[in-house]
Each structure stands twice: as structure tokens, then as C-alpha cells.
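S.K.: Before I ask anything, let me first share the structure, which is written out below as C-alpha cells.
Taken together, the values in this text are just the output of simple stated rules run on the coordinates, not laboratory data. Owing to the predicted nature of the structure, the values given are computational and were not obtained by experimental measurement. As a convention, Cβ positions derive from the backbone with ideal geometry for all residues, glycine included, and neighbour counts pool all protein chains shown.
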Ligand code: HPA
């Protein structure tokens with residue numbers, strides 16, 4: 001469709017690695033966006049926080065990632081019509097887009113934290129020992145998605161921005177066991193400010 005005169009494609013849901021072999025699906029939907037002419041790829045997700053100062057209901061702008069998923073959608077023959085064999089990731093989370101989102105969040109009075117996302121395959125939540133290790137590695141948020149899509153989007157030359165909704169404190173920081181229902185409820189609760197920020201972002205592109 002079109003929002004404020006800007007062409008927008010919206011995808012609901014995603015293919016997670018924990019569902020089984022999904023990389024062909026991920027490549028198909030992300031590359032379809034590229035073929036449709038998308039220049040900017042914005043992903044959202046639900047994440048656990050590894051930072052005491054960023055609790056459930058907060059938003060986190062992802063600045064970089066650590067990929068702990070066991071494979072990668074770009075493994076296999078390279079499709080040169082989309083991008084290079086060895087794509088660099090130094091600006092995977094596009095700096096200009098990040099600056100723009102930070103500035104718009106401030107104008108909208110939305111707190112936008114920043115941090116590094118660590119991607120695991122799941123489907124289990126992490127152990128406390130794993131979270132302790134991930135903190136030492138430099139992660140701020142943990143989740144089971146997003147990185148495969150980011151890799152395909154960056155490879156295809158799209159500018160990427162990712163915003164995580166922090167739905168829970170990660171294992172060991174949380175006082176209770178994780179519940180998927182609580183994660184979904186918190187994601188829905190924080191969706192209003194995320195929607196507002198994304199709409200404003202698109203408006204500024206017009
Ligand atoms: N761990 C992994 N994935 C998640 C979490 C978590 O704590 N919360 C939401 N997605």
C-alpha cells in the first residue's frame with residue numbers, strides 16, 4: 001500500500017529457524033521485497049533483555065548483532081543478481097537510519113534504548129548460564145529471529161533498521177519462568193509506541 005505517499009509493503013509474521021528448514025522461505029520473502037523496489041527493510045521483534053536498566057515494555061534499537069544460529073540463509077551457491085558472495089556487515093544496521101529513528105523517537109517522546117542483539121535458534125528459552133555468557137559477549141537483547149532476514153536484506157543491498165520490543169528480562173535476570181503468553185501480551189502492549197514511531201519514520205521519508 002501507500003502511507004503518506006510512500007510505498008510500503010507490510011509482512012505479518014515470519015519464518016523462524018526453530019520451525020525447521022526455513023531459509024528458502026526467508027530468502028523468498030525478503031528478496032521479494034527487494035524485487036518490489038523496497039530500499040529500506042525494517043524488522044521488529046520480541047526480545048529478552050540482558051540489561052537491568054531496560055525492562056519489559058521498552059523499545060531497543062538494534063545497533064549490531066551476534067549470530068549464534070547454527071546456519072545462515074546465505075550458505076550455498078551465491079545468487080549474484082542479488083548481492084556479493086561475501087557481504088560486509090560493518091553497517092548492517094544502517095547508521096543514518098538509526099540516527100533518524102533516535103531523533104524521531106525523541107520528538108515523539110518515546111524512549112528508544114540501543115543495544116546488540118544476539119540471535120539463537122530456540123525454541124527453548126535460554127539457561128541462566130547462557131545469558132551470563134551472552135552478557136560477557138556483549139549482548140543486550142536475545143531473541144530467536146531477525147538475523148537471518150537481516151543477512152538476506154543486507155546481501156540484497158537494502159538499508160536495514162531493527163527495533164526490538166523488550167518483552168521480558170532474560171533468564172537469570174527475571175524473577176519468574178518465561179511464559180509465551182506474557183511475551184505476546186507485553187509485545188501487544190508496547191506495539192502502540194512502536195507503531196507511532198514507525199509511522200512517523202515513514203512520514204519523514206515522504
Ligand atoms: N529469549 C529468546 N527469545 C525471546 C525472549 C527471550 O528471553 N523473549 C522474547 N523472545
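S.K.: Would you calculate the separation in nanometres between label points at residue 108 and residue 128, each defined as 7 Å from the Cα along the Cα-to-beta-carbon direction?
M.R.: Those two pseudo-labels are separated by 3.7 nm.
S.K.: Further question: So for 204, 192, fewest C-beta neighbours within 10 Å to most, what's the order? Don't jump to the answer; show the numbers that get you there.
M.R.: Values: 204 14, 192 10.
Neighbour counts put them in this order, fewest first: 192, 204.
S.K.: If you stretched the chain out fully between residue 3 and residue 191, how much longer would it get, using 0.36 nm times the residue separation minus the C-alpha to C-alpha distance?
M.R.: 65.9 nm
S.K.: Please report, largest first and rounded to whole Å, the three semi-axes of the ellipsoid equivalent to the stretch 98-175, where each semi-axis is the square root of five times an eigenvalue of the C-alpha gyration tensor.
M.R.: Semi-axes (√(5λ), whole Å): 24, 19, 10.
S.K.: Using the beta-carbon distance between residue 12 and residue 121 and R0 = 30 Å, what value does 1/(1 + (r/R0)^6) give for FRET efficiency, to the nearest 0.05?
M.R.: After rounding to 0.05, the efficiency reads 0.85.
S.K.: Which parts of the stretch 87-106 would a label at residue 199 reach, counting a residue when its backbone N lies under 19 Å from a point 7 Å out along Cα-to-Cβ?
M.R.: 101-106
S.K.: Kindly provide the helix-only [θ] at 222 nm of the chain, computed as the sum of -39,500 (n - 2.57) over DSSP H runs of four or more divided by all residues, to the nearest 500 deg cm²/dmol? Mind showing how you got there, number by number?
M.R.: Working: 5 runs with 71 residues, N = 206.
Here the helix-only value at 222 nm equals -11000 deg cm²/dmol.
S.K.: Order by neighbour count: 173, 151, fewest other Cβ atoms within 10 Å first, most last.
M.R.: Listing 173, 151 from fewest to most nearby Cβ atoms yields 173, 151.
S.K.: In addition: So what is the relative contact order of the stretch 53-206, in percent, for Cα pairs below 8 Å that sit 6 or more residues apart? Let's see the in-between values first.
M.R.: Numbers: 209 pairs, mean separation 58.5, N = 154.
Dividing the mean separation by the residue count of the stretch 53-206 yields 38 percent.
S.K.: Please compute the length gained on full extension between residue 184 and residue 66, using 0.36 nm multiplied by the number of residues separating them and subtracting their Cα-Cα distance.
M.R.: 40.1 nm
S.K.: Which of 205, 59, 36 comes first, and how do the rest follow, when ranked by fewest Cβ neighbours within 10 Å?
M.R.: Exposure proxy ranking, most exposed first: 36, 205, 59.
S.K.: Can I ask one more? Label residue 24 and residue 36 with points 7 Å out from Cα along Cα→Cβ: what is the distance between them in nm?
M.R.: 2.2
S.K.: Among 83, 143, 13, which one shows the biggest mean-square fluctuation in a GNM of the chain, springs joining Cα atoms closer than 10 Å?
M.R.: 13
S.K.: I would also like to ask the following. In nm, to one decimal, how far is the modelled label at residue 80 from the one at residue 137, with both set 7 Å along Cα→Cβ?
M.R.: 3.4
S.K.: If you average 1/r over every pair of different alpha-carbon atoms in the chain and take one over that average, what Kirkwood value in Å do you get?
M.R.: Numbers: mean 1/r = 0.0572 Å⁻¹.
Computed over the chain, the radius equals 17.5 Å.
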